[in-house]
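The structure appears below as structure tokens.
The values are calculated or read from the model by the stated rules, or taken from the named source; none is laboratory data. Since this is a predicted model, take the numbers as computed values, not measurements. A quick note on method: Cβ atoms are made from the backbone with ideal geometry, for glycine too, and the neighbour counts reach across all protein chains shown.
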Amino acid sequence: MAAFDTPVLRVVVAIALVGSIGCQLKRPDTVPARMIEPQMEAPAKGPVAGLNPTFVRLLDTQARAHIGRRMLRQQPDGELVEDAVWRWSSAPDRYLDTALRLELTSRADVRLIDAADAPALAVTLVGWHLASEPTRLVGVIQIQLTDVDRTIREELIKESEPVSGELPGNLATVAGRLLQRLASEGITRMTTAARPGA
């Protein structure tokens, strides 16, 4: 028996006892995250005849620091809080970039180019949250056009879409539609101002 009465054996027995107690600890209750991805449709190509297109260069699309993958809800007092369950499958500014590129490639009056001497279009997602009563998805973008002569034109565009029922409801479709409306409205406002004679 003396062979089993060693300090090493005592340490092994102590580790086994602590390990068996640790396995019986209750795991914390966690809420599984659920993902939503906006559903966008490719816009129809516009007529081409007789247009003198405006050439633009699209800079990096950005978002304000508080806008991330977690869905934000606006409380009645105006405070934005993160939803515990619902998240966007990617950062919302990436979806906005996709909507802008879809809009730019579908329009006959605008051409997307990568040239340093073209007017530069910069877009920042300023707001992207659910407002309550009635539930609406609100999107706000700041769009800026820097012309070749370095004049800057900037606008803030705010749009919203109603969301039906409990989440996710039709949120994926609503988000895609809202992003495409913001992109279309922003590009229309900026390129109309950029045209000669406008």
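Is it the case that the stretch 150-172 has a residue that's touching a residue at least 24 places away in the same chain (Cβ under 8 Å), part of a helix (DSSP H, G or I) and within 29 Å of Ile36 (Cβ to Cβ)?
yes
Identify all residues within the stretch 57-72 that are of a type in the set (Lys, Arg) and either modelled with pLDDT of 90 or more or over 22 Å from Ile157 (Cα atoms) (or both); write none if there are none.
Arg57, Arg64, Arg70 - these are the residues of the stretch 57-72 that are of a type in the set (Lys, Arg) and either modelled with pLDDT of 90 or more or over 22 Å from Ile157 (Cα atoms) (or both).
Pick out the one residue from Ala118, Ala122, Ala131 that is in contact with a Leu (Cβ under 6 Å, 6 or more places away or on another chain), touching a residue at least 12 places away in the same chain (Cβ under 8 Å) and small (Gly, Ala, Ser).
Ala122
Can you give me the number of residues within the stretch 90-135 that are within 30 Å of Gln75 (Cβ to Cβ), surrounded by fewer than 17 Cβ atoms within 10 Å (Cβ to Cβ), at pLDDT 90 or above and out of contact with any Lys or Arg (no Cβ under 9 Å at 6 or more places or on another chain)?
Adding up the residues that qualify gives 1.
Can you go through Thr6, Thr30, Thr54 and tell me which one is closer than 21 Å to Thr192 by Cα and either of a type in the set (Val, Ile, Thr) or at pLDDT below 75 (or both)?
Only one candidate qualifies: Thr54.
For Val148, state whether it is over 18 Å from Glu41 (Cβ atoms) and either modelled with pLDDT of 95 or more or in contact with a strand residue (DSSP E or B) (Cβ under 7 Å, 6 or more places away or on another chain) (or both). Break it down stepwise before answering.
Numbers: over 18 Å from Glu41 (Cβ atoms): yes; either modelled with pLDDT of 95 or more or in contact with a strand residue (DSSP E or B) (Cβ under 7 Å, 6 or more places away or on another chain) (or both): no.
Criteria not met by Val148.
Count, please, the residues in the stretch 98-113 that happen to be out of contact with any strand residue (DSSP E or B) (no Cβ under 8 Å at 6 or more places or on another chain) and charged (D, E, K, R).
Selection size over the stretch 98-113: 2.
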